[in-house]
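Data block below; observations after.
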Ligand code: PGA
């Protein structure tokens, strides 16, 4: 049987540029990307460095590309030298923000209590949130994956209402798969995404769980994206390294069309 468009939920393909690119490169990338015609069910996002939010948003205007940030301060304003607030990124043109990326957790010692404050800071504006969670290789090997993810989700989203939860997308990014070239197997991804949805089902509501978009991230490339997108509980992809090449990123966006042709 040829699989029909399996879900009415649009697949979200989000690039995370991390600390890469210049303003000139960002403008050229977005102008080229804006020319491609994405599958009608695909939403495209680019999480760019702070300095590129305004020019990237200006270049992306009128296209289907949403521009976002990779982090925000937990504070709303005030004496926080070097920090950037949620309101500031909205002012610069961002429509979403990544919170809790493992590189922030590890390199900046961000814990779940701080991530929870950042979530509330983002919720004080109209930003959409991509909350990143994931286990280390050691935790997976010890059978702790579900416990680790449960703790991250429950603490990171403490005091978030069901209504507010609708603005949160969860990105499952196993730490051992990020930038390592080692993608989690389809079975590991599907089992873990199903677990995340069931947790949200019991902690919030069946409707919240049903409406939740869960992205997979960790060494996503053009040659594994169609297979990942075909999994029932995968609603999109968070792409690091492969989002730095407009050619690779475009192929990942079009993987959704390849997926429709997969024979199951
Ligand atoms: P990667 O990064 O695709 O380069 O593994 C993913 C991420 O860190 O979001």
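Of everything in segment 68-87, what is away from the ligand (no atom under 16 Å from the Cβ), touching a residue at least 24 places away in the same chain (Cβ under 8 Å) and either part of a loop (DSSP other than H, G, I, E, B) or touching a strand residue (DSSP E or B) at 6+ places or on another chain (Cβ under 6 Å) (or both)? Give them in sequence order. Matches in segment 68-87: 72, 73, 74, 75, 76, 84, 85.
Hey, any hits in segment 201-214 for a residue that's in contact with a strand residue (DSSP E or B) (Cβ under 6 Å, 6 or more places away or on another chain) and away from the ligand (no atom under 16 Å from the Cβ)? No, segment 201-214 contains no residue that is in contact with a strand residue (DSSP E or B) (Cβ under 6 Å, 6 or more places away or on another chain) and away from the ligand (no atom under 16 Å from the Cβ). Hey, does segment 89-98 have a residue that's in a helix (DSSP H, G or I), free of Cβ contacts under 8 Å to residues at least 60 places away in the same chain and closer than 30 Å to residue 228 by Cα? No: zero hits. Of the candidates 115, 119, the single residue that is modelled with pLDDT of 95 or more, in a helix (DSSP H, G or I) and either on the phi > 0 side of the Ramachandran plot or within 16 Å of the ligand (Cβ to nearest atom) (or both) is 115. What about residue 158, is it in a loop (DSSP other than H, G, I, E, B), away from the ligand (no atom under 15 Å from the Cβ), in contact (Cβ under 8 Å) with a residue 40 or more places away in the chain and more than 17 Å from the chain's Cα centre (by Cα)? Judged against the criteria, residue 158 is a match.
Scanning segment 32-56 for residues that are farther than 16 Å from residue 242 by Cβ, free of Cβ contacts under 8 Å to residues at least 60 places away in the same chain and either crowded, with 21+ Cβ neighbours inside 10 Å or touching a helix residue (DSSP H, G or I) at 6+ places or on another chain (Cβ under 6 Å) (or both) turns up 52, 53, 54, 55, 56.
The set of residues in segment 88-109 that are surrounded by fewer than 16 Cβ atoms within 10 Å (Cβ to Cβ) and away from the ligand (no atom under 16 Å from the Cβ) comprises 91, 109.
Any residue in segment 164-175 that is over 15 Å from the mean Cα position of the chain (by Cα) and within 16 Å of the ligand (Cβ to nearest atom)? So far as segment 164-175 goes, no, none of its residues is over 15 Å from the mean Cα position of the chain (by Cα) and within 16 Å of the ligand (Cβ to nearest atom).
Here are 196, 252: which of them is more than 16 Å from the ligand (Cβ to nearest atom) and in contact with a helix residue (DSSP H, G or I) (Cβ under 9 Å, 6 or more places away or on another chain)? The unique qualifying residue is 196.
A count restricted to segment 101-111 and to residues that are in a helix (DSSP H, G or I) and farther than 18 Å from residue 86 by Cα stands at 5. In segment 123-151, the residue that is surrounded by the most Cβ atoms within 10 Å (Cβ to Cβ) out of those that are more than 16 Å from the ligand (Cβ to nearest atom) and assigned to a loop (DSSP other than H, G, I, E, B) is 127.
The values are calculated or read from the model by the stated rules, or taken from the named source; none is laboratory data. Fair warning: this is a prediction, and the values are worked out from it, not measured in the lab. Positions of Cβ are backbone-derived with ideal geometry, glycine not excepted, and every protein chain shown enters the neighbour counts.
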